[in-house]
Every structure is written in structure tokens, then in C-alpha cells.
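K.L.:
Here's a structure for you.
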Amino acid sequence: MRRRTRRSLLHLALFAGILSLILFLNRPSSPGRPFAWTTVTYETTAKQLPEARGQCPGLTQTDKPVLVVSRVTADASDWLAPLAEQYHLCVYTADAAPDPRSTHLQVPANRGHESMGYLTFLIDNYAQLPATGMVFVHGSRWAWHNDAPDYDNAALLAALNISAALAPWGYHNLRCDWSVSTCSPKTPAQGSLELSMQSVLEPWSARTASDVALPGALASLFGKDQISLELESARVLLGRNDAVRAQCCAQFVVSRESVWQHTRDEYVALRQWLLDGSSSSSSDDNGHPAGRGGGRRSPSASRAAPRDDRIAGRIMSYVWHILFIRRGALRADGGSAAAIDLERLNGIACPRADECYCRLYGRCNLGRCSAGSCLGQYQLPRDFKVPAWVTEKGGT
């Protein structure tokens, strides 16, 4: 056989092998197999958990829905005062100095962005949650992710129809526009080869890094250990073609019953997942992250949240709807209540924009709408910064 022929056959064999490997890695997952994302099973090795210092006064006396605000000291808070007529306010300042004399509205650490305030509220007020529902928001009034033409969260919250928002599924994200979400079918699956390659080419992108980290995070949160990632009737680990479709930005409304689908201990475990993965070396004797000097992480940190807070916080934005959408709506036909149908989860997480605007804010019969947007309702600002005209009228 001529040398040129042998070389051509070798190249052909290599090409066929690489093609076969790509097809194997991207093979479709078994259809109809649900996911066991119904119980948070993460276990911490922290010797002691944080004390309850996030109790919100007046919950048992109010008949208003609760507005849980997770802010930092740089966020102005005066815009919240007029909303007190409509909501019972519970405001957590993540970077405030701890007050050992108080048990009210403190978080154990400034970690996971808004997630720490949200989880602390759920943990420390679990038995007193209001029947009228809860709205969870960031502390900034003017922000690029607020789904309004002028990016004003105060106007959105004033217009929000909580009962209508909760009626279908017991949970609803406050965004209707699909920009910066994973709702579009064109968005790669989190475990895909395409996204893995993108993360190598764009190591600076926290969004890509968090998407790539999501499959492992879900396995750590909902799987009993790293070996038992496959249960008899349901999976825990995402396949390469399994996409979690979710709205952006972790602002949402949820019912008490949806929160109570999980035990208080599960929310404690979820918060510890964030704390254990802190950039700090380990947890101290009070369960708080130790100083920022570095060093080895705690044993549980190998399965804990990523150290980068941008990534950990964004992963949490994928988890809220998995936790809170009414369990019966996510059950596969004839399936167990202990498993989630991914296709149903994705469909509920990403409703049509026009239906969402009508249901949440009373903006009905909008024209020129697609599945993920309605003309004139929201425009993603350049470089994710609110425009100058917003700043001039009072934004930051």
C-alpha cells in the first residue's frame, strides 16, 4: 500500500474516531426520565450553624404580603417607604456590621449576593410565613434587570398582582422579557460540549462559568453523595443535552405553601452550601466563614458552592424555581411526586412575555410580541448599565 494511501486512511480513521466521540458525548439523554431535585440533601461539616438573627418583626400580626429586600449599604432605601402601605417590609443589609444584641434582620455573611438575605428570611421566619405571599427583590430601585421601560422596581412592585402571579404555580419570576435568561431554545445546555469550550475561550465570563458549574451544583445539592448521582427512578446529574431554562436575576414572588414544600433544614443546608464554599478557609466554631486569609477549605467545601461569589449567586438564580414551583405541576404523567419533569419545569419557568406582562402587571393586549419580548416594554441597556436619562431622574 502506498504511503500516501496509508496516510489518507489514517486521517480518515482519526476523523471518524473524533466524530464518533463528539456524537457520543452529545448523545440525547434518555427521554422521559425525570430528575430527583425535590429534596436538598447537601450535608455540611460545620461544627455549629449560624444563630437565628434574621427574624422579621410583625409577621404574625400583618395581613399584607411580605416584601423581602436583600440589599447592601450602597443601595438607597428611601424608595421602600411608600411600598410599606402595600407590603410588610423585611429588609436585610448583607454587608452591615453584626449586632450581637439583636436577633432582627441580620445575615451570617455577605455571600451569594441576594441569596443570603432570602435564605436567612426563610430559615429564621419559617413558622411565621404569611398566607398572603412573599416577594423577594434586590435593594436597588433602578437597575438594568428590572423589567420596566424605565427600569424602576418601585413601579413594578406597586403594580404587581400577587394573587394572579401565584395562581398558576405558586411561584413566578418578576421578569417577563427573556433577555439574559436561558429561556431561548438557542441557549446551549449547561452540560454541553459547546458551553464547555466557550468557558475555556472566555475564562472571564462569570455567566458561562456558572452555567458550566450548574450540573455539578445540582448534583451536590440534591444528590446524597458524589457517587450516587443516578437514582433508580430519577436522575440527579444533568446530561449534556439537558438544558435548565430559567428567567434571569432572582427577583420573584412565592406562596407560603410553595416554600413549605421543603423543610426548614433544607434551607439551612442550602445556605450552608453557600457558606461552606466561601473564599474563606473554612467555617469557624459558630458556623460563620473564617477570615479571608486563605488556607484550606472545609471538607464539605469540595461539594459546596464555587468560591467566586458571582458564580455561586448566579447558580442560585437557577435553583429558586426548582424549589418553589408547585410540585404537582412538575410531575411527569403517571410519575412520582418525588421527581421533576424537566420539560414541564422549563415550560413553566419561561412563560410567553405577553402572558407574563398581563398576569403580573396588568399590561394586557400588547402588540408586536414574540415568545420572549414585547416591543416597548423592556430594552436591555448597553453594557448592563441603566441609561443616563434614568440616572438624571434619580437612578444610580
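K.L.:
Answer with yes or no whether H113 is at negative phi and either in contact (Cβ under 8 Å) with a residue 40 or more places away in the chain or open to solvent by 20 Å² or more (accessible area, probe 1.4 Å) (or both).
P.N.:
For H113, the condition - at negative phi and either in contact (Cβ under 8 Å) with a residue 40 or more places away in the chain or open to solvent by 20 Å² or more (accessible area, probe 1.4 Å) (or both) - is not met.
K.L.:
To continue, here is another question. Test each condition in (1) touching a residue at least 40 places away in the same chain (Cβ under 8 Å); (2) over 23 Å from the mean Cα position of the chain (by Cα); (3) over 17 Å from Q251 (Cβ atoms); (4) not in a loop (DSSP other than H, G, I, E, B) for L83 and report the one that comes out false.
P.N.:
(3)
K.L.:
Step by step: first the residues of the stretch 77-106, then only those that are of a type in the set (A, V, I, L, M, F, W, C) and open to solvent by 60 Å² or more (accessible area, probe 1.4 Å), then the one that is nearest to G313 (Cα to Cα). Which residue is that?
P.N.:
A97
K.L.:
Can you name the residue in the stretch 142-180 that is of a type in the set (D, E) and over 21 Å from the mean Cα position of the chain (by Cα) and is also farthest from E85 (Cα to Cα) among such residues?
P.N.:
D150
K.L.:
A follow-up question, please. Go through the stretch 268-313 residue by residue and tally those that are open to solvent by 20 Å² or more (accessible area, probe 1.4 Å), of a type in the set (D, E) and at pLDDT 50 or above.
P.N.:
Residues meeting the conditions: 2.
K.L.:
Somewhere in the stretch 102-120, is a residue within 28 Å of D383 (Cβ to Cβ) and aliphatic (A, V, I, L, M)?
P.N.:
Yes: the stretch 102-120 contains one or more residues that are within 28 Å of D383 (Cβ to Cβ) and aliphatic (A, V, I, L, M).
K.L.:
Let me spell it out: the conditions are (1) crowded, with 20+ Cβ neighbours inside 10 Å; (2) closer than 19 Å to H88 by Cβ, and A131 meets all of them except one. Which number is the exception?
P.N.:
Condition (1) is where A131 drops out.
K.L.:
A further question follows. So which residues in the stretch 173-207 are assigned to a loop (DSSP other than H, G, I, E, B) and among the hydroxyl-bearing types (S, T, Y), if there are any at all?
P.N.:
In the first step, residues of the stretch 173-207 are kept if they are assigned to a loop (DSSP other than H, G, I, E, B); the result is 174-192, 202-205.
Result: S179, S181, T182, S184, T187, S192, S205.
K.L.:
Hey, I162 hits all of (1) modelled with pLDDT of 95 or more; (2) closer than 17 Å to S317 by Cα; (3) β-branched (V, I, T) but one; which does it fall short on?
P.N.:
Every listed condition holds for I162 apart from (2).
K.L.:
Would you check which residues across the stretch 152-181 are in contact with a Pro (Cβ under 8 Å, 6 or more places away or on another chain) and open to solvent by less than 10 Å² (accessible area, probe 1.4 Å) and list them?
P.N.:
Correct list: C176 only.
K.L.:
OK, next. Which of (1) open to solvent by 30 Å² or more (accessible area, probe 1.4 Å); (2) more than 22 Å from the chain's Cα centre (by Cα); (3) of a type in the set (S, T, N, Q) does S373 not meet, given it meets every other one?
P.N.:
For S373, the failing item is (2).
K.L.:
Let me ask something else. For the stretch 353-396, which residues satisfy the criterion of being assigned to a loop (DSSP other than H, G, I, E, B) and farther than 30 Å from A76 by Cβ?
P.N.:
So in the stretch 353-396, the residues assigned to a loop (DSSP other than H, G, I, E, B) come out as 362-368, 370-373, 375-381, 385-387, 393-396.
Scanning the stretch 353-396 gives C364, N365, L366, G367, R368, S370, A371, G372, L375.
K.L.:
Residue under question is Y118, and the condition is that it be in contact with a Pro (Cβ under 8 Å, 6 or more places away or on another chain), open to solvent by less than 10 Å² (accessible area, probe 1.4 Å) and of a type outside the set (A, V, I, L, M); does it hold?
P.N.:
no
The values are calculated or read from the model by the stated rules, or taken from the named source; none is laboratory data. No experiment lies behind these values; they were computed from the predicted model shown. Here the Cβ is made from the backbone with ideal geometry for all residues, glycine too, and neighbour counts use every protein chain on show. With ligands, DNA and RNA removed, areas are computed over all heavy atoms of the protein, side chains included. Shrake-Rupley method; radii C 1.70, N 1.55, O 1.52, S 1.80 Å.
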